[in-house]
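First the structure, in the form of structure tokens, and then the observations on it.
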Amino acid sequence: MYLNGEGDSYGIIVYRSQPEEFRAYDRKPFYNEKCPNNRLYVKLPLIIDECNNYEYLILDGYNVNGDGTHIYWYKTEYDGTELRIYN
């Protein structure tokens, strides 16, 4: 699911990895002058950054080429009814 942000936010990607577990990732990729309005998008099982040619695993947010980079993620808490996303 994509959650839209307000103001300068690029929004958040929310992924339910287990029935009681969620992942939340910032949609803002690493900055690239060629693509100032670039957004990350999901193509399971990956999160794609077309401008910078990066692909990240949706399960943990790490770059699939193994260089150690990852996208910014938020903490999540789920009580069975409501999902809380925070940093």
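Of all the numbered requirements in (1) part of a strand (DSSP E or B); (2) open to solvent by less than 50 Å² (accessible area, probe 1.4 Å); (3) within 29 Å of T81 (Cβ to Cβ), G5 misses one, and that requirement is (1). Within the stretch 56-87, can you find the residues that are of a type in the set (D, E, K, R) and modelled with pLDDT of 95 or more? Across the stretch 56-87, the qualifying residues are K75, E77, D79, E82, R84. Quick one: would you say N65 is farther than 17 Å from L3 by Cα, open to solvent by less than 80 Å² (accessible area, probe 1.4 Å) and either free of Cβ contacts under 8 Å to residues at least 40 places away in the same chain or assigned to a loop (DSSP other than H, G, I, E, B) (or both)? Taking the combined requirement at face value, the residue does not satisfy it. The number of residues in the stretch 38-51 that are outside any strand (DSSP E or B) and open to solvent by 30 Å² or more (accessible area, probe 1.4 Å) comes to 4.
Do we have any residue at all in the stretch 16-31 that's exposed (fewer than 12 other Cβ atoms within 10 Å of the Cβ) and assigned to a strand (DSSP E or B)? Yes, the stretch 16-31 contains a residue that is exposed (fewer than 12 other Cβ atoms within 10 Å of the Cβ) and assigned to a strand (DSSP E or B). Taking the criterion of being of a type in the set (D, E, K, R), under 15 Å from I12 (Cα atoms) and buried (at least 16 other Cβ atoms within 10 Å of the Cβ), would at least one residue in the stretch 77-87 satisfy it? Within the stretch 77-87, none of the residues are of a type in the set (D, E, K, R), under 15 Å from I12 (Cα atoms) and buried (at least 16 other Cβ atoms within 10 Å of the Cβ).
The values are calculated or read from the model by the stated rules, or taken from the named source; none is laboratory data. None of these values were measured; they are calculated from a predicted model. Note that we place each Cβ from the backbone using ideal geometry, even for glycine, and neighbour counts take in every protein chain shown. Heads up: the accessible areas ignore ligands, DNA and RNA and are worked out on the full protein's heavy atoms, side chains in. Shrake-Rupley method; radii C 1.70, N 1.55, O 1.52, S 1.80 Å.
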